[in-house]
Amino acid sequence: MSAPAAQFFNEYARHRAAEGRALRGEDLRSLPYLRAGPLARQWAVRAKTFEAFVNRIVGPLAGRGALDILDLGAGNGWLCYRLACSGHHAIALDLRDDDIDGLGAAADLATDSAGRFHCVRASFESLPFADRSFDLAIFNASLHYATELGRALAETVRVTRPGGMLAVLDSPFYPCERAGQRMVAEKKAQAADRFGPSADVLVSQNFIEFLTRQRLKAARGSLSWSRHRVRYPLWYEMRPLFAWLRGRRRPSRFDVWSARVP
């Protein structure tokens with residue numbers, strides 16, 4: 001890892017800790033159903049994504065039995081833990097190994113998983129797995145952190161079995177490129193207020209930042225992506241109206257996106 005990247009991950013972990021994301025014990029095991037604290041509202045949205053993902057992606061695939069699952073950008077491993085508790089075999093992959101909400105925080109969950117859940121430190125763009133290793137590959141609130149979307153998707157397709165699925169959860173999607181670029185410009189303009197002295201470091205990486213259907217198609221034209229619309233809490237669903245009334249930019253949506261590997 002380069003020195004600038006290492007500096008970014010160190011500052012990012014500190015920022016995540018300041019946001020209250022260093023969950024432990026029962027709070028960590030409860031995810032995505034965190035009921036109290038400053039992050040409960042965010043997790044209420046992610047819980048809806050998780051339920052749609054299980055019902056529409058995992059359930060149909062699991063008709064053949066336990067699945068081999070790759071969780072890309074797994075963070076503290078909560079999703080792998082949930083899947084392992086359901087009888088599947090999961091690998092939590094992330095470049096971050098800190099104990100805030102990186103793989104270091106996932107260690108206790110992995111220990112409790114009866115050997116069905118393991119952690120691997122690696123990047124999306126260079127996966128240390130053999131071809132056709134997994135039935136399901138998930139980008140879990142993480143694909144917008146890719147630096148090369150085409151390469152990340154190509155690697156994920158390589159390690160997924162024919163007939164298996166790719167899924168994208170909780171990444172910001174916009175209806176068009178212009179809408180996403182407005183978000184990026186706003187983020188950079190507000191970085192000093194939001195991140196303080198760490199602003200330059202935290203906006204230094206060349207992440208893709210957001211997704212559109214067109215971006216997915218251009219990055220890997222052989223995949224046909226489907227959007228599974230999720231019914232989120234009312235306050236979330238009303239955000240476009242509130243943004244319009246206040247003269248602000250259009251917000252992103254999450255939802256679940258999937259593609260079958262040919």
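Could you work out the relative contact order of the range 35-93, using alpha carbon pairs under 8 angstrom and six or more residues apart, expressed as a whole percent? Could you put the intermediate results ahead of the total?
Values: 39 pairs, mean separation 17.2, N = 59.
Here the relative contact order equals 29 percent.
Which order do the peptides 173-180, 94-101 take when ranked by the mean count of other beta-carbon atoms within 10 Å per residue, highest first?
On the way: 173-180: 16.2, 94-101: 20.1.
Ranked from most to least packed, the peptides come out as 94-101, 173-180.
Report the label-to-label distance for Arg161 and Arg213 in nanometres (one decimal), using points 7 Å from each Cα along the Cα→Cβ vector.
For Arg161 paired with Arg213, the spin-label model returns 3.1 nm.
Expressed in nm to one decimal, what extension gain is obtained for the pair Phe242 and Glu186 from 0.36 nm per residue of sequence separation less their Cα-Cα distance?
Gain on stretching Phe242 to Glu186: 18.4 nm.
Quick one: net charge of Arg121's neighbours, Cβ under 12 Å, K/R +1, D/E -1?
On the way: positive: Arg96; negative: Asp94, Asp97, Asp98.
The answer is -2.
When the chain is fully extended, how far beyond the present Cα-Cα distance does Thr147 get from Asn206, taking 0.36 nm per residue of separation?
Contour length minus the Cα-Cα distance gives 20.7 nm.
Relative contact order of the range 108-223, please, whole-number percent, based on alpha carbon pairs below 8 angstrom and at least 6 residues apart.
Values: 134 pairs, mean separation 32.4, N = 116.
Relative contact order for the range 108-223 comes out at 28 percent.
Taking Rh as the Kirkwood radius computed over C-alpha pairs, what is the Stokes-Einstein D of the range 10-63 at 4 °C in a medium of viscosity 1.567 mPa s, expressed in µm² per second?
Working: Rh = 12.7 Å.
D = 102 µm²/s.
Could you check how many percent of all C-alpha pairs in the range 151-227 are farther apart than 15 Å?
Within the range 151-227, distances greater than 15 Å cover 65 percent of Cα pairs.
Let me have the 222 nm mean residue ellipticity of the chain computed from DSSP H runs of 4+ only, each contributing -39500 (n - 2.57), with the sum over all residues rounded to the nearest 500. Could the numbers behind the result be given before it?
Details: 12 runs with 104 residues, N = 262.
One gets -11000 deg cm²/dmol as the mean residue ellipticity at 222 nm.
Normalised by the residues of the chain, what does the relative contact order come to in percent, with Cα pairs under 8 Å and at least six apart? Kindly include the intermediate steps, with their values, before the conclusion.
On the way: 453 pairs, mean separation 50.0, N = 262.
Once divided by the residue count of the chain, the mean separation gives 19 percent.
Rolling a 1.4 Å sphere over the protein heavy atoms, what is the accessible area per residue of the chain, to the nearest Å²?
On the way: 12570 Å² over 262 residues.
Computed with neighbouring chains in place, this is 48 Å² per residue.
For Arg194 paired with Arg35, estimate the spin-label separation in nm (one decimal), with each label point 7 Å from Cα along the Cα-to-Cβ line.
3.2
Once phi is turned into ³J(HN,Hα) by the Karplus curve 6.51 cos²θ - 1.76 cosθ + 1.60 with θ = phi - 60°, what whole-Hz value does each residue of the range 199-214 show in order, with x for glycine and proline?
Rounded to whole hertz, the list is 4, 4, 5, 6, 10, 7, 7, 8, 6, 6, 6, 7, 10, 9, 4, 5.
For labels at Glu51 and Arg132 in the simple 7 Å Cα→Cβ model, what's the distance in nm?
In this crude label model, Glu51 to Arg132 measures out at 3.8 nm.
Taking the alpha-carbon set of the chain, what are its Rg and Dmax in Å?
17.8, 51
Which log10 I(q)/I(0) values does the range 91-230 give at q = 0.14, 0.15, 0.17, 0.21 Å⁻¹ under the Debye formula, counting every alpha carbon as one identical point scatterer?
Results for the range 91-230 at q = 0.14, 0.15, 0.17, 0.21 Å⁻¹ read -0.78, -0.89, -1.10, -1.40.
The values are calculated or read from the model by the stated rules, or taken from the named source; none is laboratory data. Fair warning: this is a prediction, and the values are worked out from it, not measured in the lab. Virtual Cβ from ideal backbone geometry, glycine too; neighbours counted across all protein chains shown. SASA here: full protein model, heavy atoms, side chains in, ligands and nucleic acids out. Shrake-Rupley method; radii C 1.70, N 1.55, O 1.52, S 1.80 Å.
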